[in-house]
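What follows draws every value from the coordinates through simple rules; no lab data is involved. Quick caveat: nothing in here was measured; it's all calculated off a predicted structure. Every residue, glycine as well, gets a Cβ built from its backbone with ideal geometry; the counts of neighbours run over all protein chains shown.
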Amino acid sequence: MSTHKLAAIVVATLTLGTTLLIGGPASAYDSAAPVASVRAPASATPDTSADTSSGDAGGTAQLVLRPAPAPTRAIKPIPGFRMNALRWFYIQNHRNGRFCLDAARETMGNASTKVQLWECTADAPNQIWAQVEDEARVWHLLNLEAGKCLDADMKTIGGNGTMVQLWQCTIGAHNQGWAFEMDSSAIWHLRVDMTPRRSLDADVNSLGRNGSLVHLWDHTPGATNQGWRT
């Protein structure tokens, strides 16, 4: 996405192989460390470039955080979830940064809302996300417009092609637990807690057009269609 639509204002520098939690401070339920295996950025400096993850000779990479506008209406509380001080952001595909993770509006009223890739649109609430922690210390991805969480379908979670949807946010649901993890090629993947050997994957056969399929697939280091820029 172009910089005039989404300003890149923070760059977090981390060590290769780390997992990043964008959601903010430590758990409200345990004032010690955040979720296990999650580390906050080692440092952060202002930046206005449009560039994203890239390795360097020092073995570090950068994840550019592209904040979304603050909601203009109150966010409905979800019992058992920490909803204060949420940080909202867009999620772009690494291979084709014109396309963002998007909740399909025509299915918004259904129990299962379709998740797809769509051309990034500034201020579109169905493309705006936040990480929220539940009381079981599972970190979810909440969609602003739908008020529901990114969910790996339990009926198909055992294999490649697992459907990804929005579903009612559920405490302790590890098929709704997500973490950003950088691979050895400095590409940021979204791994689901329940099947960490699989990553959120943009189908290469449809990538590049609106409505592109998004599913789970075997984690493949270096696969840019499995890379996500926030």
- Message: Explain nothing, just the number: relative contact order of the stretch 159-209, from Cα pairs under 8 Å at least 6 residues apart, as a whole percent.
- Response: 24 percent
- Item | Estimated vicinal HN-Hα couplings, Hz - the stretch 115-129 in sequence order (Karplus 6.51, -1.76, 1.60; Gly, Pro = x) | 10, 8, 9, 9, 3, 4, 10, 4, 6, 6, x, 7, 10, 10, 9
- For SER185 and THR121, what is the calculated FRET efficiency with R₀ set at 41 Å and r taken between the beta-carbons, to the nearest 0.05? 0.90
- Query: Using modelled backbone amide H atoms (1.01 Å from N, in-plane), which distant-in-sequence or interchain residues come within less than 5 Å of PHE99's amide H?
  - Reply: ASN93, CYS120
- Row for the stretch 119-162, column shape: gyration tensor on C-alpha, a ≥ b ≥ c, rounded if a/c < 1.5 i.e. under 1.5, prolate if a/b over b/c, else oblate; value oblate
- Task: Before anything else, pin down the relative contact order of the stretch 94-162: Cα pairs under 8 Å, at least 6 apart, normalised by residue count, whole percent.
- Result: 21 percent
- Message: Using each residue's phi in the stretch 206-220, evaluate 6.51 cos²θ - 1.76 cosθ + 1.60 at θ = phi - 60° and report the 3J(HN,Hα) Karplus result to the nearest Hz, with x for Gly and Pro.
- Response: 10, 4, x, 9, 4, x, 3, 6, 10, 8, 9, 8, 3, 4, 10
- Would you pull out the residues with amide H under 5 Å of THR220's amide H, same chain only if 5 or more places away, H placed 1.01 Å from N? none
- Query: How large is ³J(HN,Hα), in whole Hz, for each residue of the stretch 221-230 in order, when computed from phi with the Karplus curve 6.51 cos²θ - 1.76 cosθ + 1.60 and θ = phi - 60°, using x for Gly and Pro?
  - Reply: x, x, 7, 6, 6, 9, x, 10, 10, 10
- Task: Mind listing the long-range amide H neighbours of SER206? Cut-off is under 5 Å, sequence gap 5 or more, other chains count too, H placed in the peptide plane at 1.01 Å from N.
- Result: LEU213
- Relative to the compact-globule scaling 2.2 N^0.38 Å, provide the ratio for the alpha-carbon radius of gyration of the stretch 169-213. 1.37
